[in-house]
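The values are calculated or read from the model by the stated rules, or taken from the named source; none is laboratory data. Small disclaimer: the values here were computed from a predicted structure and weren't measured. All Cβ positions, glycine included, derive from the backbone under ideal geometry; neighbour counts span all protein chains shown. Each accessible area value is taken on the protein alone, full model and side chains, heavy atoms only, with ligands, DNA and RNA left out. Shrake-Rupley method; radii C 1.70, N 1.55, O 1.52, S 1.80 Å.
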Amino acid sequence: MSGMASPLLEVQDLTVRFRGLVAVDHVNFTVEPGTVHGLIGPNGAGKTTCFNLVSGLIPPSGGTVRLAGASLDGLPSWKRTRAGLSRTFQNIRMFQEMTVRENVMTGMHARLAASIPEILARFGRFRPEERQAKARADELLAFVGLTDAADRRAGDLPYGDQRRLEIARALASGPKLLLLDEPAAGMNPTETQALVGLLNRLKQDGLTLLLVEHDMHFVMSLCDRITVLNFGRKIAEGSPREVREDPAVIEAYLGAKVAEKLKGSEA
Ligand SMILES: Nc1ncnc2c1ncn2[C@@H]1O[C@H](COP(=O)(O)OP(=O)(O)OP(=O)(O)O)[C@@H](O)[C@H]1O
């Protein structure tokens, strides 16, 4: 159809079996460029496993993943990063002993010719490329509001700041698509509100976001479209309002009370 952009991410018949368990069962969904797409569902529904499949951390039993029309099948994670896909983790992964800025710089390895250990070994006498990397890291830290923390040990940051650092590091590879696994987990309401603002700014800048999250107010206020999983299968998909009103979603996940409370929380 003319005028319609093709999807940035296409997930087709994605399936993974762990011995007897089908953790992701023939899942199909697409993420349109410039949108925020939510993946929700009860504990154990297969959301993180879906992220692991899309980002290449585990191999699928079947199905296909395409980014901007190109197949990612069989590619290791780092090649998917180079193709434009970046992610954060439910359990924050960072180098606790490195500084905040160094952590962001580790996210750039997909773009830099010199390896990060080499760069760090030569700290203090940067070559132009490395000076640029440092400047870019500082830009990203400013963007997520961590300028003052740039030289601190990453492990010493409060939890909410570590989550923002993870986002800065994930942005360092210059992704087209950013996967966020429970970005608001453990954040207080003020931090969550700030995160909504941050993610909306990324969307305005043209980045496409796919996120797993249990905070339904957060999901409903941010997402353009939502896919709902239960026991590895897609049970619903649509706008936040459509999903919130879907009887199958209320039954499997939201419950009637929460669905009622969420009325009007859409963006
Ligand atoms: N490597 C693995 N080996 C065996 N089973 C696994 C593995 N990874 C995940 N599972 C199982 O697959 C199912 C889906 O898990 P997954 O972590 O994807 O769910 P989730 O929707 O992300 O849940 P939560 O909301 O609790 O994070 C669960 O039953 C889980 O125990």
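Things worth noting here:
- The mean sequence separation of alpha-carbon pairs under 8 Å and at least six residues apart, normalised by the residue count of the chain, gives a relative contact order of 25 percent.
- Formal net charge of residues neighbouring P59 (Cβ-Cβ distance under 13 Å; K, R +1; D, E -1): +1
- Solvent exposure, largest accessible area first (probe 1.4 Å, DNA, RNA and ligands not counted), of D156, D181, D224: D156, D224, D181
- Per residue, the average separation of C-alpha pairs within less than 8 Å and at least 6 apart gives the range 175-252 a relative contact order of 26 percent.
- Per residue accessible area of the range 165-267, 1.4 Å probe, in Å²: 43 Å²
- Entries in K176/K257; K203/K263; K79/K263; K134/K203; K176/K261; K79/K234 that, when Cα-Cα distance is taken, lie over 31 Å: K176/K257; K79/K263; K176/K261
- Only Lys, Arg, Asp and Glu carry charge here, each on its Cβ (+1 for the first two, -1 for the last two); on that basis the chain has a dipole of about 660 debye about its Cα centre.
- For the chain, the residue among V104, T147, S265 whose Cα projects farthest onto the positive side of the dipole built from Cβ charges is V104.
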